[in-house]
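Peer 1: Got a structure for you, questions after.
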Amino acid sequence: MTTHPAHPGARSIRTTPEGLMWEPSERWVRGRKGDVTVVDSRHPVLVWEPHLPVPQYVFPREDVRTDLLCPAESPPTGAHTGSRIFYDLDADGEVRRNAAWTFPADDLAGHIAFEWFLRTDTGLDHWYEEDEEIFIHPRDPHKRVDALSSSRHVRVEIDGQVVADSHDPVLLFETSLPTRYYLPREDVRLDLFDTTDHHTGCPYKGTASYWSWRGGADVPPNLVWTYPEPLPAVAAIQGRVAFFNEVVDITLDGERLERPDTPFSRMLRKRSRS
């Protein structure tokens with residue numbers, strides 16, 4: 001009889017001596033490489049590594065096409081917490097190196113993890129929770145994302161120039177991130193920006209496209225974005241425009257907000273230097 005780390009209804013996070021946190025999930029998860037289904041599991045487990053703020057899935061070995069895995073030629077020891085056993089994936093006519101691995105924790109024995117984080121060169125092509133495709137990383141059950149219509153007054157400035165002024169924002173509240181202000185296009189001076197070919201994916205919101213500021217070299221590129229076709233849960237932001245609070249000046253109802261320091265701050269500073 002197959003056993004799993006815990007009953008899915010338990011919902012309590014466990015820890016391991018290696019510093020991993022984990023809890024069972026009730027979601028049906030599938031992963032595909034091309035036309036080949038590599039993972040098909042109704043008993044996935046969410047795992048948080050100490051150095052990563054977002055979870056990843058591990059799967060019971062019997063839910064994985066292990067016939068498509070072989071011991072890795074060059075295992076990246078140290079890439080994941082305590083992991084020493086890695087696998088290359090040979091599927092759909094292509095070999096992807098170090099696509100999967102096992103964690104050393106006894107609690108997760110008999111489970112296999114796969115790369116997700118923008119790593120289509122090593123991981124799978126498509127992931128699904130139930131019948132909805134998921135991007136970048138699994139959704140965290142302890143994270144909320146709420147998009148609320150508002151009549152608050154939002155003014156955005158870059159280098160002292162007003163680039164947006166609106167009384168019709170949608171405020172997006174996302175756990176552990178600053179509030180983002182999504183403004184109607186007609187309230188934003190998009191003539192001061194250039195569209196770029198930059199795109200990002202978010203498991204909570206969808207795929208975003210970007211603009212860059214024309215006005216100065218000290219302003220990082222791709223600081224303005226929109227979701228043309230957001231996921232249904234945040235449909236209210238569709239087509240609206242948002243700015244990185246980390247690099248613009250936002251005044252809310254007459255009060256100048258401090259620029260937050262987030263992981264995006266470091267990313268944007270790096271962009272400015274490149």
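Peer 1: Taking the condition in contact with an Asp or Glu (Cβ under 6 Å, 6 or more places away or on another chain) and under 18 Å from R152 (Cα atoms), does P169 pass?
Peer 2: The answer is no for P169.
Peer 1: Can I ask one more? Of the numbered conditions (1) under 19 Å from the mean Cα position of the chain (by Cα); (2) at pLDDT below 95; (3) in a loop (DSSP other than H, G, I, E, B), G215 satisfies every one except a single condition; which is it?
Peer 2: (1)
Peer 1: Moving to a separate point now. Does any residue of the stretch 12-23 turn out to be modelled with pLDDT under 80 and open to solvent by less than 70 Å² (accessible area, probe 1.4 Å)?
Peer 2: Yes, there is a match, as at least one residue in the stretch 12-23 is modelled with pLDDT under 80 and open to solvent by less than 70 Å² (accessible area, probe 1.4 Å).
Yes or no, residue by residue, for (1) among the β-branched types (V, I, T); (2) in contact with a helix residue (DSSP H, G or I) (Cβ under 8 Å, 6 or more places away or on another chain); (3) more than 19 Å from I134 (Cβ to Cβ):
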position	(1), (2), (3)
L46	no, no, no
F59	no, no, no
V64	yes, no, no
G78	no, no, yes
S83	no, no, yes
D88	no, no, yes
E94	no, no, yes
A99	no, no, no
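Matching residues to (1) open to solvent by 30 Å² or more (accessible area, probe 1.4 Å); (2) on the phi < 0 side of the Ramachandran plot; (3) in contact with a His (Cβ under 7 Å, 6 or more places away or on another chain):
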residue: E73; (1), (2), (3): yes, yes, no
residue: P76; (1), (2), (3): yes, yes, no
residue: A79; (1), (2), (3): yes, yes, no
residue: R97; (1), (2), (3): yes, yes, no
residue: G110; (1), (2), (3): yes, no, no
residue: W116; (1), (2), (3): no, yes, yes
residue: T122; (1), (2), (3): no, yes, no
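Peer 1: Ok, one more. From the list T102, T81, pick out the single residue that is under 20 Å from M21 (Cα atoms), under 23 Å from the mean Cα position of the chain (by Cα) and in contact (Cβ under 8 Å) with a residue 60 or more places away in the chain.
Peer 2: T81
Peer 1: Right, another one. Of A109, A113, which residue is without any contact (Cβ under 8 Å) to a residue 12 or more places away in the chain and either closer than 22 Å to I136 by Cβ or aliphatic (A, V, I, L, M) (or both)?
Peer 2: After ruling out the rest, the residue left standing is A109.
Peer 1: Return yes or no: is V64 of a type in the set (A, V, I, L, M, F, W, C), open to solvent by less than 20 Å² (accessible area, probe 1.4 Å) and in contact (Cβ under 8 Å) with a residue 60 or more places away in the chain?
Peer 2: Here the answer is no, as V64 does not meet what is asked.
Peer 1: Next up: Do you know which residues across the stretch 161-216 are touching a Ser or Thr at 6+ places or on another chain (Cβ under 7 Å) and free of Cβ contacts under 8 Å to residues at least 12 places away in the same chain?
Peer 2: H199 - this is the single residue of the stretch 161-216 that is touching a Ser or Thr at 6+ places or on another chain (Cβ under 7 Å) and free of Cβ contacts under 8 Å to residues at least 12 places away in the same chain.
Peer 1: Another question, then. Can you tell me which residue within the stretch 48-57, out of those that are assigned to a loop (DSSP other than H, G, I, E, B) and open to solvent by less than 10 Å² (accessible area, probe 1.4 Å), is farthest from I134 (Cα to Cα)?
Peer 2: Per the stated criteria, the residue is E49.
Peer 1: Among the strands (runs of 3 or more DSSP E) contained in the stretch 128-175, which hold 1 or more residues that are under 11 Å from P203 (Cβ atoms)?
Peer 2: 132-134, 145-149
The values are calculated or read from the model by the stated rules, or taken from the named source; none is laboratory data. Keep in mind it's a predicted model, so treat the numbers as computed, not measured. Reconstructed Cβ throughout: ideal geometry from the backbone, glycine too, with neighbour counts over all protein chains shown. These accessible areas exclude ligands, DNA and RNA; they are computed on the full protein's heavy atoms, side chains included. Shrake-Rupley method; radii C 1.70, N 1.55, O 1.52, S 1.80 Å.
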